[in-house]
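Colleague: Here you go, one structure.
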Amino acid sequence: MSEAPIAIVGTGIAGLSAAHALHAAGQPVQLFDKSRGLGGRMTSKRSETGHLDLGTQYFTSRDRRFTETVRHWQTQGWVAEWSPNLYQAREGLLSPSADEQLRWVGVPRMSAIATGLLGDLPIKLSCRITDVFRGEENWTLVDAEGNNHGPFSQVIIATPAPQASTLLASAPKLAAVAASVAMEPTWSVALGFAKPLETKVEACFVQDDALDWLARHRSKPGRDDLQDVWVLHASSAWSRQHLDMSRESVIEHLHGAFAELIDCVVPAPEFTLAHRWLYARPSQSHEWTALADAHLGLYACGDWCLSGRVEGAWLSGQEAARRLLEQR
Ligand code: FAD
Ligand code: NAI
């Protein structure tokens with residue numbers, strides 16, 4: 001393999017985990033993302049009421065290496081523990097549901113982890129990669145505007161599976177594995193109230209028709225919301241059934257479900273926002289950790305290679321980097 005840089009497509013936690021590991025091993029990397037910001041599903045959206053976590057709400061760590069890494073992030077000031085007043089709701093009944101689970105959030109917003117991991121690494125944002133092809137020795141990437149990027153010695157695809165399958169076309173076996181993964185959507189809604197709602201609830205796991213989760217955003221450490229903002233997530237089933245519903249209707253429906261569930265009066269919100277995550281989570285877990293065609297120098301990672309959680313995505317990125325380094 002030549003010593004040209006390694007291209008990484010996707011700057012969610014998986015791509016950044018791989019980039020960080022490769023950089024630490026002294027390898028040059030170049031990152032690409034189609035979005036204007038980095039972090040993927042772990043990003044935070046800027047809004048008139050502050051930065052909001054509309055995707056990842058928190059994360060847990062069970063793997064020893066990830067636990068050590070999160071502790072390191074804590075010393076860097078990128079993450080803090082979040083211990084909300086936790087509730088659950090079943091069949092419309094709300095009840096306290098405290099537990100001992102350690103839950104982490106990025107501070108002052110979820111995207112702090114991505115920003116910290118990126119450091120000074122080179123990145124091209126707003127750059128959608130549409131084709132990844134190999135010449136005699138090296139790889140070239142083509143973006144949606146028709147520009148070529150390269151040469152690269154190896155390529156890591158760190159996008160959700162449906163987007164990865166086309167980019168993995170040079171390695172049909174890897175492309176087929178990615179194509180076999182179904183991913184479920186999630187509608188996410190933020191509601192802001194000028195006067196704080198009179199409830200003790202700060203987060204709630206919901207088993208309901210429409211809702212799956214709700215959280216009081218300012219209960220997380222370091223948040224500076226101007227209003228009392230609540231983030232609501234619809235269930236996968238509801239999101240799938242209402243994939244093409246207008247944002248206004250989604251907000252109206254989830255606001256209604258929230259008002260019915262929560263134990264206080266819910267006025268009309270002063271601020272609303274809706275975001276549709278088309279590829280929110282894989283419909284099942286896998287045990288691939290990462291995919292590799294070491295001979296070609298093409299790799300794939302992402303939460304869909306393990307569990308559809310932050311920890312799984314991070315571990316997958318580590319494994320892609322490890323397997324790539326074996327070939328350098
Ligand atoms: P992503 O974060 O999706 O990153 C992929 C990146 O690839 C994106 O930035 C995308 O823009 C980019 N990309 C895609 N195609 C291209 C292309 N062609 N060219 C260039 N760039 C491209 N996990 C938890 O552990 N706890 C939670 O509480 C939790 N809540 C969640 C709530 C929601 C609503 C959602 C959507 C997810 C949640 N998750 C949660 C899951 C968690 O966010 C993901 O498991 C994790 O962030 C996935 O990281 P990733 O790097 O694999 O993918
Ligand atoms: P976790 O251990 O806190 O939660 C796992 C699951 O256990 C929860 O979904 C919930 O059903 C249940 N649970 C945990 N604590 C509970 C309590 N005190 N009371 C009642 N039920 C409780 O976190 P883990 O395993 O790291 O999971 C990550 C979270 O991310 C999950 O809640 C998952 O649903 C969510 N997620 C959401 C996605 C989306 O698109 N909406 C995508 C991926 C993950």
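Colleague: Output the qualifying pairs, or none if there are none: Cβ atoms under 7 angstrom, residues six or more apart or on different chains, first residue in the range 43-71 and more than 15 Å from ligand 2 (Cβ to nearest atom), second residue assigned to a loop (DSSP other than H, G, I, E, B) and basic (Lys, Arg).
Modeller: Within 7 Å, the pairs are 44/109; 50/223; 51/109.
Colleague: State yes or no: is residue 181 within 16 Å of ligand 2 (Cβ to nearest atom) and under 25 Å from residue 249 (Cβ atoms)?
Modeller: For residue 181, the condition - within 16 Å of ligand 2 (Cβ to nearest atom) and under 25 Å from residue 249 (Cβ atoms) - is not met.
Colleague: I would also like to ask the following. Just to verify a result, which residue in the range 286-328, among those that are at pLDDT 95 or above, within 11 Å of ligand 2 (Cβ to nearest atom) and more than 16 Å from residue 18 (Cβ to Cβ), is least open to solvent (accessible area, probe 1.4 Å)?
Modeller: Ranking the qualifying residues of the range 286-328, first place goes to 308.
Colleague: Considering only strands (runs of 3 or more DSSP E) fully contained in the range 1-83, which possess at least 3 residues that are modelled with pLDDT of 95 or more and more than 12 Å from ligand 1 (Cβ to nearest atom)?
Modeller: 79-81
Colleague: So the check is Cβ under 6 Å with 6+ separation or different chains; which pairs have a first residue in the range 121-136 that's at pLDDT 95 or above and a second one that's surrounded by 15 or more Cβ atoms within 10 Å (Cβ to Cβ) and basic (Lys, Arg)?
Modeller: Sorted first by the residue in the range 121-136, then by its partner, the pairs are 128/34.
Colleague: Right, here's the next one. Does residue 114 qualify as being under 20 Å from residue 38 (Cα atoms) and buried (at least 17 other Cβ atoms within 10 Å of the Cβ)?
Modeller: Considered against the rule, which asks whether it is under 20 Å from residue 38 (Cα atoms) and buried (at least 17 other Cβ atoms within 10 Å of the Cβ), residue 114 comes out as yes.
Colleague: Do the conditions hold for residue 240, that is, is it among the basic types (Lys, Arg), open to solvent by 50 Å² or more (accessible area, probe 1.4 Å), within 23 Å of residue 182 (Cα to Cα) and assigned to a strand (DSSP E or B)?
Modeller: So residue 240 fails the test.
Colleague: Looking at the range 172-184, I want the residues that are within 30 Å of residue 233 (Cα to Cα) and of a type outside the set (A, V, I, L, M) and have a partner that is in a helix (DSSP H, G or I) and open to solvent by less than 60 Å² (accessible area, probe 1.4 Å) with Cβ atoms under 9 Å, at least 6 apart or on another chain. Which pairs are those?
Modeller: What qualifies is 180/161; 180/165; 184/236; 184/237; 184/239.
Colleague: Among the residues of the range 160-174, are any on the phi < 0 side of the Ramachandran plot, surrounded by fewer than 16 Cβ atoms within 10 Å (Cβ to Cβ), away from ligand 2 (no atom under 16 Å from the Cβ) and assigned to a loop (DSSP other than H, G, I, E, B)?
Modeller: Yes, that holds for at least one residue.
Colleague: Which of the residues spanning the range 78-125 are more than 16 Å from ligand 2 (Cβ to nearest atom) and over 20 Å from the mean Cα position of the chain (by Cα)?
Modeller: 120, 122
Colleague: Name the residues in the range 138-159 that are under 15 Å from residue 293 (Cα atoms) and either touching a Leu at 6+ places or on another chain (Cβ under 9 Å) or open to solvent by 40 Å² or more (accessible area, probe 1.4 Å) (or both), would you?
Modeller: 139, 154, 155, 156, 157, 158
Colleague: Within the range 185-204, which residues are touching a residue at least 40 places away in the same chain (Cβ under 8 Å) and part of a loop (DSSP other than H, G, I, E, B)?
Modeller: Scanning the range 185-204 gives 194, 195, 197, 198, 199, 200, 201, 202.
The values are calculated or read from the model by the stated rules, or taken from the named source; none is laboratory data. Predicted model, so just to flag it, every value in this text is computed and none were measured. As a convention, Cβ positions derive from the backbone with ideal geometry for all residues, glycine included, and neighbour counts pool all protein chains shown. Surface accessibility is based on the protein's heavy atoms, side chains included, excluding ligands, DNA and RNA. Shrake-Rupley method; radii C 1.70, N 1.55, O 1.52, S 1.80 Å.
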